[in-house]
Amino acid sequence: MENKEYKELSDMIKYSEKTVFFGGAGVSTESGIPDFRGDGGIYSEKYGVLFPEMIVSGTFLKREPEAFFDFYKEKLVFPNAQPNKAHISLARLEAEGFISCVITQNIDGLHSAAGSKNVIELHGSALRNYCTVCGKNYGMDDVLKLTGVPRCECGGMVRPDVTLFDEVLPKGAFERAACECSESTFLIVAGTSLSVYPAASLIGYAGGKTALINLTETEADGMADIVIHARIGDVMDFVCRDILGGL
């Protein structure tokens, strides 16, 4: 039986004037996409003499593009991943007016695939790629089917439209996200260690009450009005069924 915090979260969403959801890697783990910073996550490993943060950087992409794309295609792109219960529940709640906006640190595009409309992708999307010379757009499949460094017809390198380490966020993305958070009456933060800035600072922009959903404790637990340590898909599935019917 779900604990009382699930019901409390559901009631907060039900009666909030503007609920915003801010999610990290933990939202997509139930879709088979590994966490980055958790135990056994991608960033806990070392690859030769390099740490992943060094490889997934704009500097490394420019200096060692072949090594970058080998790592990127093997570790960061999951073309067969499907939306899980969390993505689907959020899309349903948005469609019925209970979720105003979804802010995500993920680059997998699963929120949009599930049907969410107002999505702010803080770190871009692996589904979008572009030529660094002429700007022509390419899909993820276009990049994955090419070996080595993907090249445009013009000869330029095709790179993912994602924010790498040592690069700035897409223009206006953080400002939009901060505005949504500050205007919220209820902010749900889920599946993030809140260790990557500036995204981690968004919890400080909350305009009302906050909830934290994560499998493990975070340093921000003490800042939240509701704290739930559980699988995000299970929590949001309960909330969705409680609000929209089905329990």
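I'd like to compare 163-169, 67-73: which one has the highest average count of other Cβ atoms within 10 Å, and what's the full order after that?
Sorting 163-169, 67-73 by mean packing, highest first, produces 67-73, 163-169.
Only loop residues by DSSP count here, and only those with at most 14 other Cβ atoms within 10 Å; note down the GluC sites (Glu not before Pro) in region 181-247 that meet that.
Details: sites: Glu183, Glu217, Glu219; in loops: Glu217, Glu219.
For GluC sites (Glu not before Pro) across region 181-247 that sit outside H, G, I, E and B with at most 14 neighbouring Cβ atoms in 10 Å, the list reads Glu217, Glu219.
Regarding region 40-173, what whole-number volume in Å³ per residue does the convex hull of its Cα atoms give?
Spelled out: Cα convex hull of region 40-173, divided by residues, is 123 Å³.
If one puts a single equal scatterer on every Cα of region 161-213 and applies the Debye formula without solvent, what log₁₀ I(q)/I(0) results at q = 0.28, 0.29 Å⁻¹?
-1.16, -1.20
With bins 10 Å wide starting at 0, give me the P(r) of the chain over every alpha carbon pair, in whole percents.
Distribution as computed: 7, 31, 35, 19, 8, 1 percent.
Which value in deg cm²/dmol, rounded to the nearest 500, describes the helix-derived mean residue ellipticity at 222 nm for the chain, given -39,500 (n - 2.57) per DSSP H run of n ≥ 4 and division by the residue count?
Value at 222 nm, helices only, nearest 500: -8000 deg cm²/dmol.
Using only the alpha carbons of region 114-247, what is the convex hull's orientation-averaged projected area in square nanometres?
10.7
So what is the accessible area of the chain per residue, in Å², with the probe set to 1.4 Å? Don't skip to the end; give the middle numbers.
Working: 11820 Å² over 247 residues.
Using a 1.4 Å probe on heavy atoms only, each residue of the chain averages 48 Å².
Can you work out the Karplus-derived ³J(HN,Hα) for every residue in region 84-93? Use 6.51 cos²θ - 1.76 cosθ + 1.60 with θ = phi - 60°, whole Hz, and x for glycine or proline.
9, 4, 5, 4, 5, 5, 4, 5, 5, 5
The values are calculated or read from the model by the stated rules, or taken from the named source; none is laboratory data. The structure presented is a predicted model; accordingly, all values stated were derived computationally and were not measured. Positions of Cβ are backbone-derived with ideal geometry, glycine not excepted, and every protein chain shown enters the neighbour counts. Calculation scope for accessible area: heavy atoms of the full protein, side chains included, ligands and nucleic acids excluded. Shrake-Rupley method; radii C 1.70, N 1.55, O 1.52, S 1.80 Å.
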